[in-house]
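Working notes for the structure below.
The values are calculated or read from the model by the stated rules, or taken from the named source; none is laboratory data. None of the values given here were measured: they were computed from a predicted structure. Here Cβ is always computed from backbone atoms with ideal geometry, including for glycine, and neighbour counts include all displayed protein chains.
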Amino acid sequence: MINFQYARAADVADAVRQIAADPKAKFIAGGTNLIDLMKEEVERPSRLIDISRLPLDNVEETSGGGVRIGALVPNSDLAHHPLIAQRYPILASAILAGASAQLRNMASTGGNLLQRTRCYYFYDIATPCNKREPGTGCSAVNGVNRMHAILGTSETCIATHPSDMCVALAALEAKVLVAGPGGQRTIAFADFHRLPGDTPHRDTNLEANEIVTAIELPARGFAKNYTYLKIRDRLSYAFALVSVAAALELDGQAIKEARLALGGVAHKPWRDVNAEASLRGQAANRDSFARAAEALLHGAKGYAHNTFKIDLARRAIVRALAQASQGTPQSQSSKKIR
Amino acid sequence: MAPAKPHQSAAVAIPVPDKISVSLNVNGVDVQLDLAPWTTLLDALRDRLNLTGTKKGCDHGQCGACTVLVDGRRIVSCLTLAVMKDGSKVTTIEGLAKDGMLHPLQQAFIDHDAFQCGYCTPGQICSAAGLLAEGRAKTADEIRELMSGNICRCGAYPNIVAAIQQVMGHS
Ligand SMILES: Cc1cc2nc3c(=O)[nH]c(=O)nc-3n(C[C@H](O)[C@H](O)[C@H](O)COP(=O)(O)OP(=O)(O)OC[C@H]3O[C@@H](n4cnc5c(N)ncnc54)[C@H](O)[C@@H]3O)c2cc1C
Ligand code: SF4
Ligand code: FES
Ligand code: FES
C-alpha cells in the first residue's frame, strides 16, 4: 500500500466537498474491495475519505410503495431485513450467494455497486490493462480469459462486473440516488454501470465527485416467482461464472411480466428487455424459456477459454426460469440445483 | 501490446501523515494506539498488541484466518483499517476463554479434533462465535455455507461442522 492521508466525512455535503477538493481522493465504506486493491497498488489514492459513519444506514418504505436502502447498509443486514427478505427475496438471495458471512458484514450497499472487476490482469500491475492504465492494451483478449465476458465486450476490454447483488437490482429496476456538488440526481440502474467501449477505465456513470446515497426499489418485488441461480467453480465463496436473476408474474400458466438479468457475462449486470418481452403473454414452459435464452444470447461471443459460458448461460436461463415459474427458488445453502 | 509501465502515473509525493490516535477495547481492555492510517486491524493486533492468535493467511479477505469480532460481528481484520474502528470493541481468540474456562467452541474443537495444523483455527472459532450470535444456521448445510469464508487447508471441515453442532445443541 502506498502512503495516504485519512479523513472522516462529517456529513454527505462534507464528503462531496472533500472529494471535489482532491481529485486523487477516494471514499472508503466497508473497505473490502478498496483495501484489497490498494494492497496490490492497483488503486493508489492520495487520501481516503471515510464515509462509514455517515447516517446512510436505513432501510425504509417510500411513499410510492417501494423501499429506500441507505448506501451504508451492510450487505448482510440488507439481506436479512424483513422488508427485503419478504418483499424482495430475489435481492436477499443474490446477496447471500456472494462473498462470505464476514465480508457481507463489512460490505456496504454503495460499495457493492462500485466494486471493480476480478480480471486477473487488472489485479496484476506488471501486465498491460486498459482499465487500469488506459492505452496499454488488454492482456485478457488474447490471454487467459476463462472468467471473462461474452456479451457487450469491446476489443479494448472483456472484463465482467463481479457483483451478485447488482444482478438482482437490475432485474428489479432499482434506481441509484447520488449527491454531488450540483445537488442530487437519480440514475436508473440500467444506466449506472457502463459497457467498456473505448473507455474501459470508467466502470460507471457516477462522476468522480459524486457519492451514492441510496438505492430505491420500486413496489414490484416478484416475491412469489423468482430465483437467483449462481454457477461457479466451487459451491460457495467464489465469483459467478454465470448467474441468473429471473422473476415472473404469472396468471395461471401465462406469463404476465418477466425480468431476466445475468451476472458474470458482461461489463455490467446484463438485463435484456427483448428477452423479457419474448416471454410476456407466453405459456411458462421450456419452449418459451429456451426462446428467451436464445434472444438474450443472440449476440454472445466467446474468446479462447470462455466459450463454454454461452451454453452454460443458455441452460442456466432455462433452469432459472423453470425455478421461478414453479415458485421453487434456488436455495443458497443446499446447493442442489433442481 | 505496449509494455506496462512499472507504476501508474508517477505520483507526486504524498506527505507522510501524522499517526492517528485510535482507542479500542480489545478483549475487555481499553487500549490507545498511535497508528499510521494504513495499519490494518490485523497488523495492529499482532504487531502492536502482541495478540498473535489472530492469523494472517492471505491478507486479501480470501481465507478467514484473520477473523475477529468487532462490536459482536465477525469480520476479516486484514481488510479493516484500524483507524476506521476507533471506539470499537474487538474480541479475538485470546478473549473467548472466561475465568480460566475455555469457550464452549474451543472445547468442542478439541473434543472433535477439528484441526490439524491449527493455523486456521482461531479464525474458524471466532467465525463460529459470530455464526452462533447471528442465530441463522440450523442445518449442517447452513453451517457449511455460513462458514465458507473460513478455509482450512488441512481439510478439517467435517470435524469443524461437528464441533459447531455440538455447541449449537447445548445452547
Ligand atoms: C474474497 C472476496 C470474495 C468476494 N466474493 C464476492 C461474490 O461472490 N459476489 C459479490 O457480489 N461480491 C463479492 N465480493 C466483493 C464484495 O461484495 C465487495 O468488495 C463489496 O461489496 C464492496 O463494498 P465495500 O463497502 O467494502 O466497498 P469499499 O471497498 O469501501 O469501496 C469500493 C469502491 O466503492 C467506492 N464507494 C464506496 N461507497 C461509496 C459511495 N457510497 N459512493 C461512492 N463511492 C463509494 C469506493 O471509493 C471504492 O472505490 C468479494 C470480495 C472478496 C474480498
Ligand atoms: S479485460 Fe479489461 S480489465 Fe482485464 S486486462 Fe483487459 S482491459 Fe484490463
Ligand atoms: S488473512 Fe484475512 S482473510 Fe486471509
Ligand atoms: S487445521 Fe490446518 S488449515 Fe485448518
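Summary of computed values
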| item | result |
| --- | --- |
| Of the criteria (1) within 16 Å of ligand 2 (Cβ to nearest atom); (2) surrounded by fewer than 19 Cβ atoms within 10 Å (Cβ to Cβ), which one residue A:187 fails | (1) |
| Some residue of segment A:115-133 being within 12 Å of the chain's Cα centre (by Cα), more than 16 Å from ligand 3 (Cβ to nearest atom) and under 23 Å from residue A:53 (Cα atoms) | yes |
| Residue A:163 vs. criteria surrounded by 15 or more Cβ atoms within 10 Å (Cβ to Cβ), over 15 Å from the mean Cα position of the chain (by Cα) and within 14 Å of ligand 1 (Cβ to nearest atom) | no |
| Residue count, segment A:200-218 (criterion: touching a residue at least 12 places away in the same chain (Cβ under 8 Å) and more than 19 Å from residue A:70 (Cβ to Cβ)) | 7 |
| Enumeration of residues in segment A:303-333 that are small (Gly, Ala, Ser) and out of contact with any Lys or Arg (no Cβ under 7 Å at 6 or more places or on another chain) | A:304, A:313, A:316, A:320, A:322, A:324, A:325, A:331, A:333 |
| Total residues in segment B:20-58, condition assigned to a loop (DSSP other than H, G, I, E, B) and free of Cβ contacts under 8 Å to residues at least 60 places away in the same chain | 10 |
| Elements of type helices (runs of 4 or more DSSP H) in segment A:66-153, at least 1 residues being within 13 Å of ligand 2 (Cβ to nearest atom) | A:120-123 |
| Residue within segment B:132-149 that is out of contact with any His (no Cβ under 7 Å at 6 or more places or on another chain), of a type outside the set (A, V, I, L, M, F, W, C), under 27 Å from residue A:39 (Cα atoms) and more than 14 Å from chain A (Cβ to nearest Cβ) present | no |
| Subset of segment A:24-37 [without any contact (Cβ under 8 Å) to a residue 40 or more places away in the chain and either assigned to a loop (DSSP other than H, G, I, E, B) or more than 7 Å from ligand 1 (Cβ to nearest atom) (or both)] | A:24, A:25 |
| Residue tally, condition part of a helix (DSSP H, G or I) and either among the basic types (Lys, Arg) or within 16 Å of ligand 4 (Cβ to nearest atom) (or both), over segment B:153-171 | 8 |
| Subset tally (residues that are assigned to a loop (DSSP other than H, G, I, E, B) and more than 16 Å from ligand 2 (Cβ to nearest atom)) for segment A:162-184 | 6 |
| The lone exception for residue A:200 - which of (1) within 19 Å of the chain's Cα centre (by Cα); (2) modelled with pLDDT under 95 it fails | (2) |
| Any hit, segment A:276-298, residues being assigned to a strand (DSSP E or B), of a type in the set (Gly, Ala, Ser) and within 22 Å of the chain's Cα centre (by Cα) | no |
| Candidate set from segment A:52-64 (those that are within 21 Å of the chain's Cα centre (by Cα) and part of a loop (DSSP other than H, G, I, E, B)); member that is farthest from residue A:215 (Cα to Cα) | A:52 |
| Per-region count, segment A:38-49, residues in a helix (DSSP H, G or I) and surrounded by 21 or more Cβ atoms within 10 Å (Cβ to Cβ) | 1 |
| Looking only at segment B:16-58, and only at residues there that are within 16 Å of ligand 4 (Cβ to nearest atom) and closer than 17 Å to residue A:32 by Cβ, the one that is nearest to the other protein chains (Cβ to nearest Cβ) | B:58 |
| Tally of residues being of a type in the set (Val, Ile, Thr) and in a loop (DSSP other than H, G, I, E, B) across segment A:1-23 | 1 |
| Looking only at segment A:312-338, and only at residues there that are at pLDDT 95 or above and more than 22 Å from the chain's Cα centre (by Cα), the one that is nearest to residue A:119 (Cα to Cα) | A:322 |
| Test result for residue A:156, in contact with a Phe, Trp or Tyr (Cβ under 9 Å, 6 or more places away or on another chain), farther than 18 Å from residue B:73 by Cβ, among the hydroxyl-bearing types (Ser, Thr, Tyr) and not assigned by TED's automatic domain parsing to the domain that holds residue A:312 | no |
